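Written below as structure tokens is the structure these notes are about.
The values are calculated or read from the model by the stated rules, or taken from the named source; none is laboratory data. The structure presented is a predicted model; accordingly, all values stated were derived computationally and were not measured. With ideal geometry, Cβ positions are generated from the backbone for all residues, glycine too; neighbour counts draw on all protein chains shown.
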Amino acid sequence: MSGAGGANHSAQDALTESVRLVLRRAVDVYAAVPEVAEALRDQLDRLDEPLRVAIAGKVKAGKSTLLNGLVGELVAPTDAGECTKVVTWYRDAATPGVVSYPDSGPPEPLPVHRDAGGLIVRLRDVPAERLRKLVVDWPSQYLRHVTLIDTPGIASASEGASRRTVNLLTPDEDTPAEADAVVYLMRHLHVADAEFLESFRDQGVAKASAVNTIAVLSRADEVGGGRIDAMLSARRIARRYRSSPALRGLCQTVLPVAGLLAATGRTLRQREFDTLAALASAPRSDMDGVLLSTHRFLRSERVAALSEVPTDLRHALLDRFGLYGLRLAMMHIRQGCTDSTALAAELVRSSGLNELRDVLRAQFTQRRDLLKARTGLLAVERALHTRVRGTDPDAVAALAAEVERIASGAHEFVELRLVSQLRCGEVELPEADAAPARRLLGGDGVTAVQRLALPSDAPADAVRAEALTQLVRWRRRAEDPFAGRGQVRVYRAVARTCEGVVAALDATSSATR
């Protein structure tokens with residue numbers, strides 16, 4: 001199945017090389033303008049870096065907690081300390097390290113400390129409001145593919161911290177955004193959330209407004225007062241938000257995630273499991289009464305098993321699990337989770353983290369080269385819109401023509417634009433066509449088997465046969481005299497995608513003979 005899996009990569013590789021060449025050409029064109037040339041060189045370097053994904057949202061949305069869940073380690077501080085007011089980058093590295101970047105002056109390495117609660121970063125003498133960013137290097141398999149950027153809360157009491165997040169993600173017209181994609185957290189749909197997503201939307205290359213944004217209904221376990229069925233309620237709300245006119249066209253999807261449950265499940269300790277197992281052995285009616293409120297859990301001495309848990313450990317359990325997580329963990333233990341590994345898996349599954357990771361992989365990680373190529377072209381577009389002295393008008397015009405050629409001719413950008421238009425309802429297809437068209441265009445993942453809804457281990461011959469079947473179907477749909485112009489455009493693009501799958505499989509087959 002290497003052929004089917006690599007069908008998309010060959011096209012993305014060719015696009016990346018085209019963008020690399022145009023960026024180098026742009027650096028030469030703007031060589032007399034140091035600040036523009038330097039920004040373009042930065043974009044060249046970014047092509048070879050992991051994808052940059054920013055985690056944004058209002059204060060207390062659970063950004064750092066979700067980041068810990070994604071990484072699978074307690075690396076991001078989750079309290080209200082100084083570090084949460086600073087834009088913080090988390091990168092994979094062989095050894096741990098933290099470097100602060102002040103607004104003025106050279107970068108400064110900071111000491112790295114870690115305790116049971118995670119990484120501790122002390123900012124020394126420079127206050128948070130005077131730091132441009134922190135960079136945390138941490139050995140992590142997850143961070144090998146994605147650099148995560150934890151941002152201060154939008155609309156926070158600290159105007160400076162909030163402004164840094166806005167500047168990072170929605171800079172001025174002459175500065176490219178530092179993130180390739182965004183995961184936006186919201187506890188419920190507030191007007192400030194929609195306004196921020198609207199400001200983040202760009203209308204540059206391919207005008208694919210929602211392609212690099214996913215919304216998360218965070219702290220989903222708190223829906224419905226943290227009842228045991230809270231996640232079911234959260235999923236219903238997320239489905240409603242997906243079709244909300246306020247969000248249509250601003251994000252790819254909305255997913256419910258209980259970030260605290262996810263982070264705790266990924267970092268569950270044996271001692272915690274042993275304590276929960278002892279509590280789960282108490283009469284269920286007694287424990288259910290104790291778990292009605294934090295006050296009861298912290299103060300009650302009526303349950304024998306709980307009376308043996310000291311107050312500081314009760315506080316620690318609440319910080320790690322919350323009431324919902326405690327209820328859920330004890331339920332799973334009663335139903336047969338006999339070790340910490342099994343319980344951890346159940347907590348992560350219940351949290352919604354797996355679904356989020358699947359979407360991030362399908363929409364962001366698999367599209368890494370494409371999203372980075374798009375970011376690079378946007379940088380060149382911004383340079384072209386900057387009127388500066390010292391540049392050759394003919395060279396600038398030729399560069400603009402080359403950017404237009406790549407942007408309009410790359411089928412990958414056509415797919416991005418059409419997936420966005422189908423999601424937001426800008427183009428409407430008959431019900432029988434809408435979901436298959438969106439999937440074939442890469443809406444659920446960009447590998448051949450994902451586009452064709454085939455098993456991951458489907459043989460290349462079966463993938464090719466299905467691609468040919470779909471090619472015939474969508475060519476016929478494009479010839480339908482009753483189809484509208486926008487619909488025909490989608491049908492032709494889907495057919496072109498199927499052609500690309502077949503061509504890539506044939507090329508791979510020829511190369512292996």
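Brief remarks on what is shown
- Test: residue in the range 310-320 that is touching a residue at least 60 places away in the same chain (Cβ under 8 Å), aliphatic (A, V, I, L, M) and either in a helix (DSSP H, G or I) or loosely packed, with under 13 Cβ neighbours inside 10 Å (or both): no
- When residues of the range 328-349 are limited to those that are exposed (fewer than 13 other Cβ atoms within 10 Å of the Cβ) and among the β-branched types (Val, Ile, Thr), the one nearest to Leu260 (Cα to Cα): Thr341
- Sub-7 Å Cβ pairs linking a first residue in the range 106-133 that is assigned to a strand (DSSP E or B) to a second residue that is among the basic types (Lys, Arg), at least 6 apart or interchain, are Leu110/Arg122; Leu110/Arg124; Ile120/Arg114, ordered by first then second residue.
- Selection from the range 118-132 of residues that are among the acidic types (Asp, Glu) and in contact with a helix residue (DSSP H, G or I) (Cβ under 9 Å, 6 or more places away or on another chain): Glu129
- Filter result for Gly336 (modelled with pLDDT under 95 and either in a helix (DSSP H, G or I) or touching a Cys at 6+ places or on another chain (Cβ under 8 Å) (or both)): no
- Matching option when the condition is in contact with a Gly (Cβ under 9 Å, 6 or more places away or on another chain), within 27 Å of Pro256 (Cα to Cα) and among the basic types (Lys, Arg), among Arg417, Arg382, Arg367: Arg367
- Residues of the range 134-164 that are at pLDDT 80 or above, in contact with a helix residue (DSSP H, G or I) (Cβ under 8 Å, 6 or more places away or on another chain) and over 18 Å from His190 (Cβ atoms): Leu134, Trp138, Ser140, Tyr142, Leu143, His145, Val146, Leu148, Ile149, Asp150.
- Any helices (runs of 4 or more DSSP H) falling wholly within the range 258-309 and containing at least 3 residues that are under 28 Å from Leu185 (Cα atoms) and aliphatic (A, V, I, L, M): 259-266
- Residue in the range 496-508 that is of a type in the set (Gly, Ala, Ser), in contact with a Leu (Cβ under 9 Å, 6 or more places away or on another chain) and within 18 Å of Arg438 (Cβ to Cβ) present: no
- Any hit, the range 447-456, residues being closer than 30 Å to Ala379 by Cβ and either surrounded by fewer than 21 Cβ atoms within 10 Å (Cβ to Cβ) or polar (S, T, N, Q) (or both): yes
- Pairs, first within 11 Å of Gln487 (Cα to Cα) and surrounded by fewer than 21 Cβ atoms within 10 Å (Cβ to Cβ) in the range 409-431, second at pLDDT below 80 and among the β-branched types (Val, Ile, Thr), C-beta under 6 Å, six or more apart: none
- The single residue among Leu21, Leu66, Leu44, Leu40 that is among the hydrophobic types (A, V, I, L, M, F, W, C), under 21 Å from Asp150 (Cα atoms) and either at pLDDT 95 or above or part of a helix (DSSP H, G or I) (or both) turns out to be Leu66.
- Spans of helices (runs of 4 or more DSSP H) in the range 393-476 with at least 2 residues among the β-branched types (Val, Ile, Thr) and modelled with pLDDT under 90: 411-424
- Condition met for Ala304 (loosely packed, with under 13 Cβ neighbours inside 10 Å and not hydroxyl-bearing (Ser, Thr, Tyr)): yes
- Filtered residues of the range 224-252 (kept if in a loop (DSSP other than H, G, I, E, B) and crowded, with 20+ Cβ neighbours inside 10 Å): Leu247, Leu250, Cys251, Gln252
- Picking from residues in the range 273-307 that are β-branched (Val, Ile, Thr) and under 41 Å from the mean Cα position of the chain (by Cα), the one that is farthest from Met331 (Cα to Cα) is Thr294.
- In the range 47-60, residue farthest from Thr341 (Cα to Cα) [restricted to those that are in contact with a helix residue (DSSP H, G or I) (Cβ under 9 Å, 6 or more places away or on another chain) and part of a loop (DSSP other than H, G, I, E, B)]: Leu47
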